Amino acid sequence: MTKQISSFAEYRKVYKNSVENPEKFWEKQARTFEWKKKWDKVLEWNFDKPDVQWFVGGKMNITENCLDRHLKKRGDQVALIWEPNDPSQSYVEYTYKELYQAVCQCANALKANGIKKGDRVCFYMPMVPELTIGVLACARIGAIHSVVFAGFSATALADRIKDATCKMVICSDYNSRGAKNIPVKEIVDEALKKDCDSIETVLVHKNTGDKVKMKSGRDKWWHKEVDGQKKSCKAAKMDAEDMLFILYTSGSTGKPKGVVHTCGGYMVYTEYTFRNVFQYKKGDIYWCTADIGWITGHSYIIYGPLLAGATTIMFEGVPTYPDAGRFWHVCEKHKVTHFYTAPTAIRALMAAGDHWPSHYDLSSLKVLGSVGEPINEEAWNWYNEKVGKQNCPIVDTWWQTETGGILISPLAGLHKLKPSYAMYPMPGIQPCLVDAEGNELKKKEAEGLLCIKFPWPSMIRTTYGDHDRCKQVYFSAFENMYFTGDGARRDKGGAYRIIGRVDDVINVSGHRIGTAEVENAINEHPLVIESAVVGYPHEIKGQGIYAYIITEEDVDDVAAFKKEVHAEVTKVIGPIAKPDLIQVVPGLPKTRSGKIMRRILRKIASGESDSIGDVSTLLNPEIVTSISDGNSDAV
Ligand code: WT7
């Protein structure tokens, strides 16, 4: 491990040095890890193709760095604490040694079931330790993990399995989430009926123990396959640029794409940012409340913390079960020092009342984190006062599935904070703002489209099975730059404030949802002719989903129709993509070339019909008044 940055002045110095000499800077970080063979070259890059390679020719295994490397020094230190959904059930701890052994056993079971280096393994699981164990077991033997958030539907799961031609699915029997018991295995069975021919084995972890159907020859129990295995397993020798995982995420158009991350650079970057952003110190207890189905869970529950030898908590439940004090109860119980969550959770808990955080002893807290969406000042202040007691720096961390790790964030306690600002770039990160034509805005104080000018180790390498899509989406908008899809402001001091997506992606409770995907799902309803989906400001969720729908015949009972639309969306994507409001409309505002003018629809949905502006270029300008008049009828 390199020394942690420990003052703002030092950050300035390190940052300057890192951009003047990026290869030297990252090489220094990389040297602190265990490599089976040293790299021949630090970096090769070309944003046009795109082709980015870090630590070229280096050989390593990320799990040796997460686990084996720590055994001598901290084998008996707790690596993972698992807090169950039901607070009356006891929690589980794994020391580094125990986690190492569990991972090896699972890795041996994967091998025994025909999984080889390069094979894809899909995970569809609740937040149980076996998910972390399974993910690391894949990395141990060089299999590529593709974790699918367990809230996605059978159809969405099947799409992801097919896209990555996975050989195995690892799931649980059921998922206990809040008061619900979700039949996970049944959803997997349904998905596998949809032409998932590549799947040979379904490995089922017994979680609740409720009855499930097992298909003979295909379905196997985790405990039968894993428990008897040897507790050591040779780590596969991986090239720094071999794939580590695929993670699906939504974009403006089409189906979700499989973002690919590779072994070496991802390892170096997640460890470095974890230690520096959170200023993690030995003995600290770190808790990130994200789900491992999203990138935050990959990078900052599993890999970053374990690479740094930290103690990381995995929480199975939800913030409001059994009541809105659960997060604070868990903080008190495990003496959490670092707490990292999403603004949507903060807003929901803020709405539940101040008595919840004040009822628990939160004195162990040292650092608070925020991720996933812009945090509004009100939520920031509440977090700071009621949770942090004005004594804990808040790190508002901006990054994306594609970036692999945090790119813009304060370093806890070192930066003077400005609410709703993600502040400054991490060492090695070269952000810039451009106008619509791609001209860089050189003035310090500016607002524009956020791009990154230089590669960093954990950046996206490709979109699985479709490299051209990666080029089109991220590297074609502006020459020689990675385009983030976000708009941002920069103040006089160079601090960044993220404004939000400038494309057709909406951020609902920190979940990234493509409007096109939701439209496709709505259009499955037999009555629907066409639909258009936009985001609008929502008090708790950040953004809500607003759907304008043209139907074949008049809809008398819109509330009943909404239920049917919800069922359709739940079936195709999952409940997270259900529209909050729907409005049945006679038509949609279109340009002469037939493109829907979403700008207008966003204005109406946000209650800003007064400032729509010029509509004369529309094919059907009269429709705007009609839609805006009907806005109050949305349900
Ligand atoms: C999008 C990426 C980063 C892991 C979780 C989400 C938005 C993310 C922030 C922040 C404002 C943020 C951006 C980004 N976003 N963090 N701190 N402040 N906006 O990953 O699902 O890939 O979504 O989330 O719009 O582009 P993701």
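The values are calculated or read from the model by the stated rules, or taken from the named source; none is laboratory data. Only a predicted model underlies this, so the values are computations on that prediction, with no experimental measurement involved. For neighbour counting, all protein chains shown are included, and Cβ atoms are generated from backbone atoms with ideal geometry for every residue, glycine included. Ligands, DNA and RNA are excluded from the accessible area calculation, which covers all protein heavy atoms including side chains. Shrake-Rupley method; radii C 1.70, N 1.55, O 1.52, S 1.80 Å.
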| Segments classed as strands (runs of 3 or more DSSP E), wholly inside segment 260-376, with at least 1 members that are among the aromatic types (F, W, Y) | 285-288, 311-315, 338-341
| task | Being more than 17 Å from G404 (Cα to Cα) and hydrophobic (A, V, I, L, M, F, W, C) is the filter here, so list the residues in segment 454-480 that pass it. | result | A477, F478
| Between a first residue in segment 17-40 that is among the basic types (K, R) and a second residue that is surrounded by 13 or more Cβ atoms within 10 Å (Cβ to Cβ) and part of a loop (DSSP other than H, G, I, E, B), which pairs have beta carbons less than 6 Å apart while being 6 or more apart in sequence or on different chains? | K36/K237
| remark: Of (1) open to solvent by 10 Å² or more (accessible area, probe 1.4 Å); (2) farther than 30 Å from T32 by Cβ, M243 satisfies every one except (2)
| request: List the helices (runs of 4 or more DSSP H) that sit entirely inside segment 466-575 and contain at least 1 residues that are surrounded by fewer than 17 Cβ atoms within 10 Å (Cβ to Cβ). | output: 467-470, 558-572
| said: Which numbered condition in (1) in contact with a helix residue (DSSP H, G or I) (Cβ under 6 Å, 6 or more places away or on another chain); (2) closer than 30 Å to M214 by Cβ; (3) more than 16 Å from the ligand (Cβ to nearest atom) is the only one that A240 fails? | reply: (2)
| task | Could you list, in sequence order, all residues of segment 285-342 that are open to solvent by 10 Å² or more (accessible area, probe 1.4 Å) and within 16 Å of the ligand (Cβ to nearest atom)? | result | T289, A290, D291, W294, I295, T296, A342
| Considering only residues of segment 586-619 that are buried (at least 16 other Cβ atoms within 10 Å of the Cβ) and more than 34 Å from the chain's Cα centre (by Cα), which is modelled with the lowest pLDDT? | L618
| request: Output the residue which, of all residues in segment 164-179 that are outside any loop (DSSP other than H, G, I, E, B) and touching an Asp or Glu at 6+ places or on another chain (Cβ under 9 Å), is surrounded by the fewest Cβ atoms within 10 Å (Cβ to Cβ). | output: R177
| request: State whether one or more residues within segment 70-93 are among the aromatic types (F, W, Y) and in contact with a Leu (Cβ under 8 Å, 6 or more places away or on another chain). | output: no
| task | Read through the list (1) touching a residue at least 12 places away in the same chain (Cβ under 8 Å); (2) under 26 Å from F152 (Cα atoms), then give the number of the only condition that I600 fails. | result | (2)
| request: Looking only at segment 395-411, decide whether some residue is away from the ligand (no atom under 11 Å from the Cβ), out of contact with any strand residue (DSSP E or B) (no Cβ under 7 Å at 6 or more places or on another chain) and closer than 21 Å to Y272 by Cβ. | output: yes
| query | Any idea which of D68, D86 is within 20 Å of N175 (Cβ to Cβ) and open to solvent by 40 Å² or more (accessible area, probe 1.4 Å)? | reply | D86
| Are there any pairs with C-beta distances below 7 angstrom linking a residue in segment 407-422 that is closer than 20 Å to E10 by Cβ and open to solvent by 10 Å² or more (accessible area, probe 1.4 Å) to a residue that is in a loop (DSSP other than H, G, I, E, B) and within 12 Å of the ligand (Cβ to nearest atom), with the two at least 6 apart or on different chains, and if so which? | L417/P410
| remark: Taking segment 46-65 and keeping residues farther than 18 Å from T312 by Cα and open to solvent by less than 20 Å² (accessible area, probe 1.4 Å) leaves F47, P50, V52, W54, F55, G57, G58, M60, N61
| task | Considering every residue within segment 374-392, establish whether at least one is among the aliphatic types (A, V, I, L, M), touching a residue at least 12 places away in the same chain (Cβ under 8 Å) and open to solvent by 10 Å² or more (accessible area, probe 1.4 Å). | result | no
| remark: Those residues of segment 116-154 that are part of a loop (DSSP other than H, G, I, E, B), out of contact with any Gly (no Cβ under 7 Å at 6 or more places or on another chain) and touching a residue at least 60 places away in the same chain (Cβ under 8 Å) come to a total of 4
| message | Considering only residues that are open to solvent by 30 Å² or more (accessible area, probe 1.4 Å) and in a helix (DSSP H, G or I), which ones fall in segment 89-115? | response | K97, E98, Y100, Q101, K111, A112
| remark: Only unsatisfied item for E64, checking (1) under 25 Å from the mean Cα position of the chain (by Cα); (2) among the charged types (D, E, K, R); (3) more than 20 Å from G404 (Cβ to Cβ), is (3)
| query | Picking from S420, S458, which residue would you name as being at pLDDT below 95, within 16 Å of the ligand (Cβ to nearest atom) and within 22 Å of the chain's Cα centre (by Cα)? | reply | S420
| remark: Among (1) surrounded by fewer than 16 Cβ atoms within 10 Å (Cβ to Cβ); (2) part of a loop (DSSP other than H, G, I, E, B); (3) touching a residue at least 12 places away in the same chain (Cβ under 8 Å), H223 falls short only on (2)
| note | Pairs returned, first residue in segment 196-211 that is farther than 18 Å from A109 by Cα and open to solvent by 50 Å² or more (accessible area, probe 1.4 Å), second residue that is assigned to a strand (DSSP E or B) and of a type outside the set (V, I, T), beta-carbon separation under 6 angstrom, 6 or more apart or interchain, are T208/S176
